[in-house]
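Enquirer: Provided herewith is a single structure, encoded as structure tokens, for subsequent inquiry.
A short reminder: the numbers here are calculations on the coordinates, not readings from a lab. These numbers come from a predicted model, not from an experiment. Note: ideal-geometry Cβ built from the backbone for every residue, glycine included; neighbour counts use all protein chains shown.
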Amino acid sequence: MIKLQNISKQYITGSVKFDALLEINLEIKERDFCAVVGPSGSGKSTLMNIIGCLDIPTGGEYYLDNKPVSSLSADELADIRNRKIGFVFQAFNLLPYATAEENIEVPLLFAGHSRKKRLERVKYLLEKVGLQDKALNKPTEMSGGEMQRVAIARALANDPPLILADEPTGNLDSKTGESIVRLFHELSAEGRTLLVITHDPNIASQMPRIIHMQDGRIVNSHAHAA
Ligand SMILES: Nc1ncnc2c1ncn2[C@@H]1O[C@H](COP(=O)(O)OP(=O)(O)OP(=O)(O)O)[C@@H](O)[C@H]1O
Ligand SMILES: [Mg+2]
């Protein structure tokens, strides 16, 4: 599904060059469930943004479903981000003045579904994440765990095969974080591919594969019995 070949990312700030990623070679197969761990600044978010087609590498080639991503047009990339990939972030990134159901509806609007189809899908997703009672609540009227579940429902709106999560439990207490991790395990059992950045060794150890990053490199990428 995902193949990174000698990927690098160099940032230039003023006259200072900085290698955020170096010689990244990585394969992620369909249905893989991976944690990405490593110190702050090691390149985890940079790597995830490239995998999510939110950012482009400065070197190497990224193949998504065997297609070189560098050959895709802006429209094709937007379509991939909308249909193929679901994003979940530490800060939830919900629209602050929109209700839970309106937030979940956004990717369905972009995908061009009818109002009837959108409402059916939103209802299904709210139930899936256990928030059927919070449909009309705005982010300020929900707990952190509830906001993150709305964000996960939104990520699932167009039924993407790939879920990318950057510190999804970073703003949550450990018990609430556990419930989010359980939801990820369900998504994995459904056959989705998941890549989850986490600082929490306890959460990482529950995932079947752990990718360790350090100074812009993958220093270890192993599967273990979960
Ligand atoms: N736009 C940018 N311009 C310059 N340097 C950047 C930029 N974005 C990231 N970096 C640098 O690249 C390195 C990797 O950043 P990245 O956000 O990928 O780290 P991370 O592993 O996700 O860290 P954290 O755990 O703190 O989120 C950092 O040293 C950061 O300062
Ligand atoms: Mg980060």
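Enquirer: Just need the relative contact order of the range 137-210 here, percent rounded to a whole number, with Cα pairs under 8 Å and 6+ apart.
Expert: Numbers: 52 pairs, mean separation 25.7, N = 74.
The normalised contact order for the range 137-210 reaches 35 percent.
Enquirer: Obtain the nm distance between the two label points defined at E141 and Q10 by a simple spin-label model: each point lies 7 Å from its Cα along the Cα-to-C-beta direction.
Expert: In this crude label model, E141 to Q10 measures out at 5.2 nm.
Enquirer: What list of whole percents do you get for P(r) of the range 59-152, with Cα-Cα distances grouped in 10 Å bins up to the one holding the largest distance?
Expert: Whole-percent P(r) values from 0 Å outward: 15, 41, 26, 15, 3.
Enquirer: Another one. From the residues H212, L64, F18, which one has its Cα farthest along the dipole of the range 2-223 in the positive direction, the dipole being from +1 and -1 charges on Cβ of Lys/Arg and Asp/Glu about the Cα centre?
Expert: Value: L64.
Enquirer: State the answer as a single residue: which of I85, G112, A135 lies farthest towards the positive end of the charge dipole of the range 47-159, with beta carbon charges of +1 for Lys and Arg and -1 for Asp and Glu, about the Cα centre.
Expert: The Cα lying farthest towards the positive end belongs to A135.
Enquirer: Going by C-beta contacts inside 10 Å, put R182, R209 in order with the fewest on the left.
Expert: On the way: R182 11, R209 19.
Sorted ascending by nearby Cβ count, the order is R182, R209.
Enquirer: Rounded to the nearest 0.05, what FRET efficiency do S179 and D55 have when you use their Cβ-Cβ distance and R0 = 25 Å?
Expert: After rounding, the FRET efficiency stands at 0.25.
Enquirer: Neighbouring Cβ atoms within 10 Å as the yardstick, rank I24, I80, I56, I12 fewest first.
Expert: In increasing order of surrounding Cβ atoms, one gets I12, I56, I80, I24.
Enquirer: Further question on the same structure: Indicate, rounded to the nearest 5 percent, the antiparallel portion of the DSSP beta bridges found entirely in the chain. It would help to have the intermediate numbers written out before the result.
Expert: Values: 22 of 40 bridges.
In the chain, approximately 55 percent of DSSP beta bridges are antiparallel ones.
Enquirer: So, one more: Where Lys and Arg each count +1 and Asp and Glu each count -1, what net charge lies around H185 among other residues with Cβ under 14 Å from its Cβ?
Expert: On the way: positive: R31, K128, R182, R192, R209; negative: D32, E178, E186, E190.
Net of charged neighbours comes to +1.
Enquirer: Follow-up question, since we're still on this one. Which residue fluctuates most in the GNM of the chain (Cα springs below 10 Å): D32, D55, D133?
Expert: Between D32, D55, D133, it is D133 that shows the largest mean-square fluctuation.
Enquirer: Now for a different question. For the range 2-223, give the magnitude of the charge dipole about the Cα centre (Cβ charges: +1 Lys/Arg, -1 Asp/Glu; no others), in debye to the nearest 20.
Expert: Result for the range 2-223 is approximately 360 debye, rounded to the nearest 20.
Enquirer: Turning to a different aspect of this structure: Quick one: S40, S188, S221, fewest Cβ neighbours within 10 Å first, how do they rank?
Expert: S40, S221, S188
Enquirer: Kirkwood hydrodynamic radius (Cα pairs, Å) of the range 117-226?
Expert: 15.1
Enquirer: Per residue, how big is the convex hull around the C-alpha atoms of the range 2-223? Give it to me in cubic angstrom, could you?
Expert: Values: hull volume 29.0 nm³, N = 222.
Cα convex hull per residue, to the nearest whole number: 131 Å³.
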